[in-house]
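Here, each number is a calculation from the coordinates, and none is a lab measurement. What you are looking at is a predicted structure, and each value in this text was computed from that prediction instead of being measured. Here Cβ is always computed from backbone atoms with ideal geometry, including for glycine, and neighbour counts include all displayed protein chains.
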Amino acid sequence: MNPSTASIVEAIEAAPTDLVVVLPDNKNIIMAARQAATLSEKDVQVVETTSVPQGIAALLALSQDQEFADNIRAMNAALHGVRSGEVTRAVRDLRLGDVDIRAGNYMAIVDGDLVAAAGAIEEAVTRALSMMTGPDSALIALYPGRDVDDASASSLTAAVREAWPDHEVEVVRGNQPYYEYFISVE
């Protein structure tokens with residue numbers, strides 16, 4: 001799913017403006033995004049997001065009332081204030097670092113690092129959140145993927161609200177493939 005430099009250039013050129021921000025949302029895409037920025041005549045800035053939650057935080061910092069350079073600074077500042085988590089299913093047995101994973105387990109990934117494998121999705125989300133939350137965090141956002149039904153998302157959200165009563169918990173239907181949940185903590 002990693003786009004090529006040519007695909008990114010095509011998207012830049014299709015943008016109806018001469019000021020373009022590229023949010024890679026994946027560390028494997030940053031180099032292609034940087035290269036694409038140099039190949040365009042437009043003013044292209046790459047805000048080096050490494051996850052979808054960072055990309056969303058950067059987008060929320062964007063203001064049409066600010067100058068382009070000020071928006072880039074605000075977007076870069078915003079992405080550093082968010083912790084990112086992902087929960088996905090293992091398709092085969094493997095061992096990564098200290099974590100044994102069985103096919104079908106839910107894998108909890110925090111800021112790009114695998115932190116846990118669990119048989120139940122709620123356990124994977126809870127283990128990720130226990131590493132992501134702290135005394136300075138106040139907001140948890142859950143982004144259920146396309147394979148998570150509404151009843152399951154509601155049940156998990158209730159469990160998260162009960163476990164973290166001092167946090168605001170938001171749910172935004174992400175409908176992303178491959179990942180049961182994207183999670184952000186700010």
Options (1) 1.01; (2) 1.87; (3) 0.98 for Rg/Rh (Cα atoms, Kirkwood Rh); the value derived from the coordinates is listed as (1)
In debye to the nearest 20, the charge dipole size for the chain, taken about the Cα centre with +1 at each Lys and Arg Cβ and -1 at each Asp and Glu Cβ, equals 520
By the C-alpha gyration tensor axes a ≥ b ≥ c (rounded if a/c is under 1.5, else prolate when a/b exceeds b/c, else oblate), the shape of the range 5-79 is oblate
Given unit charges at Cβ for Lys, Arg (+) and Asp, Glu (-), the dipole magnitude of the range 83-185 about its Cα centre in debye, nearest 20, is 300
Within the set Q64, Q176, Q45, GNM on the chain using Cα springs under 10 Å gives the largest fluctuation to Q64
So for the range 83-185, using the alpha carbon gyration tensor with a ≥ b ≥ c as root eigenvalues (a/c under 1.5 gives rounded; past that, a/b versus b/c decides prolate or oblate), I'd call it oblate
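How big is the dipole moment of the range 5-79 about its Cα centre under a simple scheme where the beta carbon of each Lys and Arg is +1, that of each Asp and Glu is -1, and everything else is neutral? Debye, nearest 20, please.
The dipole magnitude comes to about 320 debye.
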Length gained, A103-L139, 0.36 nm per residue minus C-alpha separation, equals 9.8 nm
Counting Lys and Arg as +1 and Asp and Glu as -1 over every other residue whose Cβ sits under 15 Å from the Cβ of V52, the net charge comes to -3
Restricted to the chain, the DSSP antiparallel beta bridge percent, nearest 5, is 75
Here the net charge surrounding S84, from other residues whose Cβ is less than 12 Å away from its Cβ (Lys, Arg +1; Asp, Glu -1), is -3
